[in-house]
Amino acid sequence: MRLMSDATSTTTGDAPHLVFDRSLLRRRLERAARLGPEPFLLERAAEDMADRLAAVKRQFETAVDLGTPTPALARALAGHAAVGHLFCAAPLEAGLSAPGVVADEEALPFAAGSLDLVVSALSLQSVNDLPGVLAQVRRALRPDGLFMAALLGGGSLSELRQAFAIAESETTGGLSPRVAPFADVRDLGALLQRAGFALPVTDVDRVVVRYGSPFSLFSDLRRMGAANALLERRRVPLRRATLLRAAEVYTERFADPDGRVRATFEIVFLSGWAPHESQQKPLRPGSAKMRLADALGALEVPLPPAGADKG
């Protein structure tokens with residue numbers, strides 16, 4: 001693996017709209033590490049990614065775990081038959097498993113064509129320039145290299161969004177961004193194509209977790225480093241009345257008959273390949289050698305002429 005002497009972005013065009021306070025996000029992750037991270041969601045994503053990689057009949061000699069906030073993914077891939085040497089690049093030293101390098105996901109320190117595999121778990125949903133990150137990953141991969149990631153998707157924490165929206169409108173007369181605007185699965189697939197990946201695939205795992213109270217959810221989010229790090233957040237402490245009303249609304253609207261409340265997490269899995277001549281390509285229009293009706297054993301009935309009566 002070769003590192004670039006100066007990390008540079010391949011993003012072109014206008015500067016991305018800044019959504020996240022990246023320095024605050026790193027402090028949130030540091031706090032989560034001190035509190036003791038809540039691992040269940042990250043471990044689920046890491047194990048799923050390890051299983052998906054096992055289905056790929058390839059050997060990846062040089063791999064990088066990009067941005068995963070704990071060693072969960074590195075542990076899941078330890079000794080994996082498909083992975084040779086795994087390096088870690090994470091925003092915090094606490095997230096590294098040796099060997100590794102502290103690096104920002106938005107400014108990758110890898111030379112072009114130096115990697116066979118890049119994986120990432122529950123990190124890239126918090127970058128400001130996801131198209132730029134994907135372009136950098138694509139550039140760092142060798143031909144026929146694989147990118148695989150898990151991100152929180154647009155349906156995540158929908159219950160929490162609704163509860164805070166109602167609570168803030170009632171207690172403050174306005175709204176403040178509280179939950180990150182995670183990307184939709186269709187948008188993520190389009191971004192893979194835009195970045196130049198071949199054979200892009202996206203799919204979703206929706207996880208519903210039940211908590212004894214909304215406050216247990218709030219605690220888990222802090223221990224995931226997922227507390228509010230939006231740039232447009234209100235810069236004053238959250239009112240106690242707003243927090244209590246949000247918990248009340250959450251319980252009223254999203255509790256099961258036994259009193260436990262639901263929280264939805266949407267994990268979007270992405271994969272794409274750096275283009276290579278050996279990969280499958282779509283057939284050219286008109287190149288089929290058999291009619292669809294013949295292949296299906298069906299009778300082909302011509303359409304009536306335009307404007308004909310339908311009977």
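At-a-glance table
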quantity	calculated
For Gln136: the one exception among (1) polar (S, T, N, Q); (2) modelled with pLDDT of 95 or more; (3) in contact with a helix residue (DSSP H, G or I) (Cβ under 9 Å, 6 or more places away or on another chain)	(3)
Tabulated pairs, the range 113-127, first within 18 Å of Phe197 (Cα to Cα) and at pLDDT 95 or above, second of a type in the set (S, T, N, Q) and open to solvent by less than 10 Å² (accessible area, probe 1.4 Å), C-beta under 7 angstrom, 6+ apart or interchain	Ser120/Thr68
Some residue of the range 58-67 being out of contact with any Leu (no Cβ under 6 Å at 6 or more places or on another chain), open to solvent by less than 60 Å² (accessible area, probe 1.4 Å), over 18 Å from Val127 (Cβ atoms) and at pLDDT 90 or above	no
Residue in the range 76-89 that is out of contact with any strand residue (DSSP E or B) (no Cβ under 9 Å at 6 or more places or on another chain) and modelled with pLDDT under 95 present	yes
Residue satisfying condition, being modelled with pLDDT of 90 or more, farther than 18 Å from Leu117 by Cα and surrounded by 21 or more Cβ atoms within 10 Å (Cβ to Cβ), within set Leu73, Leu29, Leu42, Leu53	Leu42
Counted residues, the range 131-159 - those being of a type in the set (Ser, Thr, Tyr) and over 30 Å from Phe254 (Cα atoms)	0
Identity of the residue in the range 98-126, in a helix (DSSP H, G or I) and open to solvent by 10 Å² or more (accessible area, probe 1.4 Å), that ends up nearest to Leu230 (Cα to Cα)	Ser126
Pick from the range 201-222, criterion touching a Phe, Trp or Tyr at 6+ places or on another chain (Cβ under 7 Å) and hydrophobic (A, V, I, L, M, F, W, C), ranking: farthest from Ala190 (Cα to Cα)	Leu217
Identity of the residue in the range 149-163, of a type in the set (S, T, N, Q) and touching a strand residue (DSSP E or B) at 6+ places or on another chain (Cβ under 8 Å), that ends up farthest from Ala183 (Cα to Cα)	Ser158
In the range 127-154, residue farthest from Val185 (Cα to Cα) [restricted to those that are part of a helix (DSSP H, G or I) and open to solvent by 20 Å² or more (accessible area, probe 1.4 Å)]	Arg139
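Residues checked against (1) loosely packed, with under 14 Cβ neighbours inside 10 Å; (2) modelled with pLDDT of 95 or more; (3) of a type in the set (Ser, Thr, Tyr); (4) assigned to a loop (DSSP other than H, G, I, E, B):
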| site | (1), (2), (3), (4) |
| --- | --- |
| Glu248 | no, yes, no, no |
| Asp258 | yes, yes, no, yes |
| Ala263 | no, yes, no, no |
| Gly272 | no, yes, no, no |
| Ser287 | yes, no, yes, yes |
| Glu300 | yes, no, no, yes |
| Leu303 | yes, no, no, yes |
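The values are calculated or read from the model by the stated rules, or taken from the named source; none is laboratory data. Only a predicted model underlies this, so the values are computations on that prediction, with no experimental measurement involved. We place every Cβ from the backbone using ideal geometry, glycine too, and count neighbours over all the protein chains shown. Keep in mind that these areas ignore ligands, DNA and RNA; they rest on the heavy atoms of the full protein, side chains included. Shrake-Rupley method; radii C 1.70, N 1.55, O 1.52, S 1.80 Å.
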